[in-house]
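Chemist: Submitted below is the structure of interest, expressed as structure tokens.
Please treat every number below as a calculation from the coordinates, not as lab data. Just so it is clear, the structure is predicted and the values come from calculations on it, not from any experiment. Cβ atoms come from the backbone with ideal geometry, glycine included; neighbour counts cover every protein chain shown.
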Amino acid sequence: MSDDWILDRTFDSSSGEVRWAVLGPADAPPVVLVHGTPFSSYVWRGIARALAQDHRVYVWDLPGYGASARFEGQDVSLGAQGRVLTELLGHWELPEPAVVAHDFGGCVALRARLLHGARYRRLALVDPVALAPWGSPAYRLLGGRSDAFGALPAALHRALVKEYVSSASHPGLRPEVLDRLVDPWCTPAGQPAFYRQIAQNDQRFTDEIQDRYGELDLPVLICWGTEDTWIPVGRAHEPAALVPDAELRLIDGAGHLVQEDAPAELTAALTRFLRTAP
């Protein structure tokens with residue numbers, strides 16, 4: 001894998017082709033990283049490389065995101081993504097890896113565990129979408145009028161996506177990072193895919209599992225950026241209270257996209273958590 005962050009392997013999932021890659025020693029403990037929306041595995045690049053010093057790190061773009069397949073009629077809902085994660089764990093022959101999940105990747109990982117029988121050694125959730133209510137007014141507007149927004153002129157669409165992605169960071173994203181996150185959504189296939197994934201996701205996917213968080217019987221770490229404007233830090237204590245013995249770590253100065261805003265602090269928290277004996 002080069003500095004261009006190329007996912008060089010493929011898997012034919014139930015929601016289309018998934019692009020993925022693996023870093024680190026083949027005999028090291030496995031860790032699976034799950035991104036959120038509207039991002040891709042690119043947001044994990046620095047942390048993945050750091051964790052790969054002592055772990056076998058699996059990274060992937062969810063169907064409908066990044067380098068993975070995007071097509072009309074594709075099921076990219078949180079329900080589908082939970083199934084795809086379970087399929088990937090089987091494909092990778094990982095019976096009980098550690099999992100680190102960000103944003104709605106948290107819901108994906110929780111659904112795979114609680115509804116599809118996926119087993120994890122440990123679970124770290126970073127600013128997760130896990131509890132009702134969720135979905136900002138802007139998010140609901142975009143999803144409710146996906147056909148109209150999908151028909152926007154390309155320049156207006158790009159400006160909208162750039163503004164939306166930018167708001168996930170507290171200090172602001174470097175221009176080259178922002179472009180890398182925005183570019184996949186600004187192709188002929190990417191523009192409708194951007195609105196499709198919003199339209200297909202709603203609160204029912206967390207409602208279906210929220211009452212079962214007390215069943216989680218593994219070590220859980222919850223990290224949260226103190227300057228998150230997408231899911232304010234005041235909500236961080238709610239999932240921590242529902243998951244037995246969950247550890248909560250607040251990361252000062254970071255917005256929702258903690259991987260970009262505070263990579264050193266997040267890497268340190270994850271490294272310590274993953275190295276702690278069960």
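Chemist: FRET efficiency for Ala154 and Leu250, Cβ-Cβ distance as r, R0 = 35 Å, nearest 0.05?
Modeler: 0.35
Chemist: Please list, in order, the residues from the stretch 247-265 whose amide nitrogen is less than 13 Å from a point placed 7 Å along the Cα→Cβ vector of Thr229.
Modeler: 255-257
Chemist: Related question: First select every other residue whose beta carbon is under 12 angstrom from the beta carbon of Pro184; then total the charges, Lys and Arg +1, Asp and Glu -1.
Modeler: Around Pro184, the surrounding residues sum to +1.
Chemist: Rounded to the nearest 0.05, what FRET efficiency is calculated for Arg140 and Cys186 with R0 set to 25 Å and r the Cβ-Cβ distance?
Modeler: My answer for the efficiency is 0.65.
Chemist: Let me ask you something else. Check Gly225: other-chain or 5+ apart residues with amide H under 5 Å from its amide H, H built from backbone geometry?
Modeler: Here the answer is Asp127, Ile251, since their amide H atoms fall under 5 Å of that of Gly225.
Chemist: Here's a follow-up. Does the chain classify as rounded, prolate or oblate by the C-alpha gyration tensor (a ≥ b ≥ c root eigenvalues; a/c under 1.5 gives rounded; else a/b over b/c gives prolate, otherwise oblate)?
Modeler: It is rounded, given that a/c, with a ≥ b ≥ c, falls under 1.5.
Chemist: Tell me, what HN-Hα J-couplings in whole Hz come from the Karplus equation 6.51 cos²θ - 1.76 cosθ + 1.60 at θ = phi - 60° for each residue of the stretch 168-179, using x for Gly and Pro?
Modeler: These are the phi-based 3J(HN,Hα) values: 7, 10, 7, x, x, 8, 4, x, 5, 6, 4, 4 Hz.
Chemist: How far, in nm, would the chain grow between Leu242 and Ser14 when pulled straight, counting 0.36 nm per residue and subtracting the alpha carbon separation?
Modeler: Fully extending the segment from Leu242 to Ser14 adds 79.0 nm.
Chemist: Less than 13 Å Cβ to Cβ from Val31, Lys/Arg counted +1 and Asp/Glu -1: what total charge do the surrounding residues give?
Modeler: Charge balance in the 13 Å sphere: +3.
Chemist: Determine the gain in length on full extension of the stretch Arg119-Asp147; use 0.36 nm per residue of separation and subtract their C-alpha separation, reporting nm with one decimal.
Modeler: Answer, rounded to one decimal: 6.3 nm.
Chemist: I would also like to ask the following. Quick one: compute the contact order of the stretch 1-128, relative version, from alpha carbon pairs under 8 angstrom and 6+ residues apart, as a percent.
Modeler: 26 percent
Chemist: Follow-up. With the Cα gyration tensor of the stretch 1-125 giving a ≥ b ≥ c as the square roots of its eigenvalues, does the rule (a/c under 1.5 for rounded; else a/b larger than b/c for prolate; else oblate) give rounded, prolate or oblate?
Modeler: Oblate, since a/c reaches 1.5 and b/c is not below a/b.
Chemist: Asp27 to Ile6: FRET efficiency via 1/(1 + (r/R0)^6), r the Cβ-Cβ distance, R0 30 Å, to the nearest 0.05?
Modeler: Computed FRET efficiency for Asp27 and Ile6 comes out at 0.80.
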